[in-house]
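Read the structure below first, then the notes.
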Amino acid sequence: MYEATTPSAEVAPSLTRGKRLAFSAVLLVFLIALAEGAARFVMSDALATGRKILLGRENVQLVRLQNTIGQPYLLYISAPNYRDPEHGLQHNEDGYRGAVVPMDRQDGVYRILCLGGSTTYGVSVDRWEQAYPAVLAELLRAEVPPGYRDVEVINGGLNWGTSAEMLNHYHFKYHYYRPDLVIINEGGNDAQGYTLPYYHPDNSNWRQPLVNLRPLPRGLRWLAYPRLGSLVILNVFYSDQLKGGQFVIRNGAKPPAPWFKPGGQLVVKPREMPREHLSFLHNIRALIRSVQADGAQVLLVPFRAAPKGYRGKDFELSQILRHEKLFQELAAEHKLGFAPFPASAISPGNWTDHCHLNAAGEREKATHIAAFVRPLMQAAAPR
């Protein structure tokens with residue numbers, strides 16, 4: 001008689017500790033590769049540039065509206081050799097938009113410096129050749145007045161630029177270019193500053209030093225070599241610098257040294273400032289005197305808002321119009337050129353927003369201003 005026997009269950013061979021570690025390592029490598037691929041897919045152009053900077057492979061600076069770098073005394077400048085990923089080279093090696101103008105003067109060449117904010121820089125056009133200063137040079141070269149053989153125009157426009165930057169940039173930089181004519185086209189950015197709390201004539205209520213992204217120390221750059229690692233580093237430790245343009249405090253703030261206290265009180269809420277406390281008037285007057293001391297001419301061009309461009313911003317618009325009247329007064333006081341700039345000078349369809357122009361609008365602006373530049377050139381022409 002045979003005894004019934006139950007077949008014994010098969011026992012799966014257990015993995016050795018070494019095999020488990022090897023499997024875990026393979027799985028980890030797979031997950032890292034997967035995450036690296038995902039990081040490559042989601043990494044924006046700005047983050048890709050940031051990774052190159054961390055690795056010391058590129059010296060392009062990250063900013064929001066305009067590629068800029070911080071500079072002592074000038075606060076910030078257009079980043080030298082900045083190249084837009086889509087539209088190519090925008091800034092020259094000397095740190096302004098357009099072709100390089102040699103610092104040394106040439107005989108028979110009339111030199112113009114255009115100072116202003118984004119409406120001078122030409123933030124809404126793709127190429128520097130489309131901005132009004134470059135078009136102005138083109139128009140003047142087509143019909144150079146007797147006594148000159150050529151015309152040079154420097155685009156000293158700076159996004160967010162106020163009268164404070166214009167004064168500093170002329171004093172510390174453009175003075176050495178010895179322009180024959182300085183065109184000052186401003187009034188909008190200063191007006192915006194008045195709408196913010198804690199008004200200070202030094203703009204410390206809405207400006208702060210610009211800090212740019214820098215390479216990691218050489219011994220730590222390996223941390224940013226994986227794209228996943230660079231994403232973590234950039235977003236955790238450098239998120240503020242990725243934004244760029246952080247020299248502008250958007251909603252205003254109490255300055256670190258709140259010294260401006262007319263009547264013993266801070267200007268907590270925005271209000272119209274008297275002339276003696278108006279930074280725009282003080283800065284522009286100082287700029288005019290500096291330019292005239294160098295023997296150059298001045299042409300004042302008021303800031304122009306698009307029709308209905310400042311709807312709902314009555315106070316800001318009132319300050320823009322106030323600046324225009326101040327330009328008229330300063331032109332009469334210092335015997336300067338003044339170019340009225342009515343909105344009608346620009347075709348209705350050539351405004352891109354509340355104050356900026358498309359390429360056709362920039363050409364219309366240049367054509368309008370050229371009519372006021374030519375008499376100044378003729379008056380200063382060598383006899």
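The values are calculated or read from the model by the stated rules, or taken from the named source; none is laboratory data. Note that this is a predicted model, so its numbers are computed, not measured. Backbone-built Cβ (ideal geometry, glycine too); neighbour counts: all protein chains shown. Surface accessibility is based on the protein's heavy atoms, side chains included, excluding ligands, DNA and RNA. Shrake-Rupley method; radii C 1.70, N 1.55, O 1.52, S 1.80 Å.
Things to note:
Per-residue answers, yes or no, for (1) surrounded by 10 or more Cβ atoms within 10 Å (Cβ to Cβ); (2) modelled with pLDDT of 75 or more; (3) in contact with a Ser or Thr (Cβ under 9 Å, 6 or more places away or on another chain):
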| position | (1), (2), (3) |
| --- | --- |
| 9 | no, no, no |
| 15 | yes, no, no |
| 21 | yes, yes, no |
| 26 | yes, yes, no |
| 41 | no, yes, no |
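- Enumeration of residues in the range 271-280 that are more than 28 Å from residue 114 (Cα to Cα) and open to solvent by less than 60 Å² (accessible area, probe 1.4 Å): 274
For (1) farther than 20 Å from residue 190 by Cα; (2) touching a Leu at 6+ places or on another chain (Cβ under 7 Å); (3) aliphatic (A, V, I, L, M), each residue gets a yes or a no:
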| residue | (1), (2), (3) |
| --- | --- |
| 292 | yes, no, no |
| 301 | no, no, yes |
| 311 | no, no, no |
| 314 | no, no, no |
| 319 | no, no, no |
| 322 | no, no, no |
| 336 | yes, yes, yes |
| 339 | no, yes, yes |
| 345 | yes, no, yes |
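- Test for residue 117: is it at pLDDT 95 or above and on the phi > 0 side of the Ramachandran plot: no
- Every pair of residues 6+ apart whose Cβ atoms lie under 7 Å, when the first sits in the range 331-355 and is more than 24 Å from residue 288 (Cβ to Cβ) while the second is among the polar types (S, T, N, Q) and open to solvent by less than 60 Å² (accessible area, probe 1.4 Å): 350/358; 352/124; 352/358
- Top-ranked residue in the range 151-180 [being among the hydroxyl-bearing types (Ser, Thr, Tyr) and part of a helix (DSSP H, G or I); ranked as farthest from residue 370 (Cα to Cα)]: 176
- Listed by position, the strands (runs of 3 or more DSSP E) inside the range 44-148 whose residues that are touching a residue at least 12 places away in the same chain (Cβ under 8 Å) and either under 22 Å from residue 300 (Cα atoms) or over 16 Å from the mean Cα position of the chain (by Cα) (or both) number at least 1 are 109-116.
- Some residue of the range 294-307 being closer than 19 Å to residue 118 by Cα, over 23 Å from the mean Cα position of the chain (by Cα) and surrounded by fewer than 19 Cβ atoms within 10 Å (Cβ to Cβ): yes
- Among residues that are among the polar types (S, T, N, Q), farther than 16 Å from residue 363 by Cα, surrounded by fewer than 24 Cβ atoms within 10 Å (Cβ to Cβ) and touching a Phe, Trp or Tyr at 6+ places or on another chain (Cβ under 6 Å), residue 106 is not included.
- Within the range 162-184, the residues that satisfy the criterion of being more than 21 Å from residue 102 (Cβ to Cβ) and of a type in the set (A, V, I, L, M) are 164, 166, 167, 184.
- In the set (1) touching a Phe, Trp or Tyr at 6+ places or on another chain (Cβ under 6 Å); (2) within 22 Å of residue 171 (Cβ to Cβ); (3) open to solvent by 10 Å² or more (accessible area, probe 1.4 Å), the condition left unmet by residue 283 is number (1).
- Test: residue in the range 324-344 that is in contact with a His (Cβ under 9 Å, 6 or more places away or on another chain), exposed (fewer than 13 other Cβ atoms within 10 Å of the Cβ) and on the phi > 0 side of the Ramachandran plot: no
- Sole residue being under 25 Å from the mean Cα position of the chain (by Cα) and closer than 30 Å to residue 33 by Cβ, chosen from 239, 230: 239
- Cross-chain or 6+ apart pairs with Cβ under 9 Å, the range 199-214 first and on the phi < 0 side of the Ramachandran plot and β-branched (Val, Ile, Thr), then surrounded by fewer than 16 Cβ atoms within 10 Å (Cβ to Cβ) and in a loop (DSSP other than H, G, I, E, B): none
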